[in-house]
Amino acid sequence: YCDKRYPKKLRQIANPPLALFVAGDPELLCTPQIAIVGSRKSSSPGRIIAREFAQALCEQGICITSGLAVGIDGAAHSGALASSGATIAVLANGANIIYPKMHAQLTEQILESQGAIVSEFPVNTPPLRPHFPQRNRIISGMSLGVLIVEAAIRSGSLITARYALEQNREVFVIPGSINNPLAKGCHYLIKQGAL
């Protein structure tokens, strides 16, 4: 917490982690970031949108922060890497554990491209269910704002949006089809005033 590389924006939240474990470039944590999060059970168009937004933001010098989850998170990290931009993956487990395992190669690419893997949990901590909301407050806490791409009405993405609002961060939402259950959370946020 007292290290100069600790993110200034994260110090501003109500319950900042006392320590962060970082693999990769710790300097990246203090760069301007936008979080991109969304459904694990995302649609192909949703993943394309997340990837395109991540690429476009990286081209403007913005670092992409997400949670390394399957679906929208993975697409956002991939989009940042495709544009040779910076990306930070915030984990709900120890930074030495790759979860989900299917993102082993993505994790390697993040580290090889001068990105960062971040966790508040000590090494060897497994990914337990209560850790994910804790992780989400860090994702929003380090960011200027959060972009939600596809989210069900009851989802971790809405938890991240709630944290973002509590932390006085911008919340941005991609609307979707009224027939898509993964758009219901997004439409709910728009009704609440999200951009």
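The values are calculated or read from the model by the stated rules, or taken from the named source; none is laboratory data. Keep in mind that this is a model prediction, so the values were computed, not measured. Neighbour counts are summed over all protein chains in view; Cβ atoms, including those assigned to glycine, are modelled from backbone coordinates with ideal geometry. Heads up: the accessible areas ignore ligands, DNA and RNA and are worked out on the full protein's heavy atoms, side chains in. Shrake-Rupley method; radii C 1.70, N 1.55, O 1.52, S 1.80 Å.
Being at pLDDT below 95, out of contact with any helix residue (DSSP H, G or I) (no Cβ under 6 Å at 6 or more places or on another chain) and assigned to a helix (DSSP H, G or I) is the requirement here; does LEU182 meet it?
yes
For segment 65-113, what are the residues that are in contact (Cβ under 8 Å) with a residue 60 or more places away in the chain, over 20 Å from SER43 (Cβ atoms) and in a strand (DSSP E or B)?
THR65, ILE88
Can you tell me which of ARG47, ARG5, ARG51 is modelled with pLDDT under 95 and open to solvent by 50 Å² or more (accessible area, probe 1.4 Å)?
Among ARG47, ARG5, ARG51, only ARG5 is modelled with pLDDT under 95 and open to solvent by 50 Å² or more (accessible area, probe 1.4 Å).
Looking at this structure, is ASN124 under 23 Å from GLY94 (Cβ atoms), modelled with pLDDT of 95 or more, open to solvent by less than 40 Å² (accessible area, probe 1.4 Å) and among the polar types (S, T, N, Q)?
In short, no.
Across segment 29-44, what is the total count of residues that are surrounded by fewer than 21 Cβ atoms within 10 Å (Cβ to Cβ), in contact (Cβ under 8 Å) with a residue 40 or more places away in the chain and not basic (Lys, Arg)?
3
Take the residues in segment 154-183 that are open to solvent by 40 Å² or more (accessible area, probe 1.4 Å) and charged (D, E, K, R), then tell me which one is nearest to THR65 (Cα to Cα).
Here the answer is GLU170.
Residues are listed down the side, and each one gets a yes or a no for (1) more than 15 Å from the chain's Cα centre (by Cα); (2) over 29 Å from PRO181 (Cα atoms); (3) of a type in the set (Asp, Glu):
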{"site": "PRO17", "(1), (2), (3)": "yes, yes, no"}
{"site": "ALA23", "(1), (2), (3)": "yes, yes, no"}
{"site": "PRO32", "(1), (2), (3)": "no, yes, no"}
{"site": "ALA35", "(1), (2), (3)": "no, no, no"}
{"site": "ARG40", "(1), (2), (3)": "no, no, no"}
{"site": "PHE53", "(1), (2), (3)": "no, no, no"}
{"site": "GLY61", "(1), (2), (3)": "yes, yes, no"}
{"site": "ILE64", "(1), (2), (3)": "no, no, no"}
{"site": "ASP73", "(1), (2), (3)": "no, no, yes"}
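Residue check: is ALA151 surrounded by 24 or more Cβ atoms within 10 Å (Cβ to Cβ) and within 24 Å of LYS9 (Cα to Cα)?
Here the answer is no, as ALA151 does not meet what is asked.
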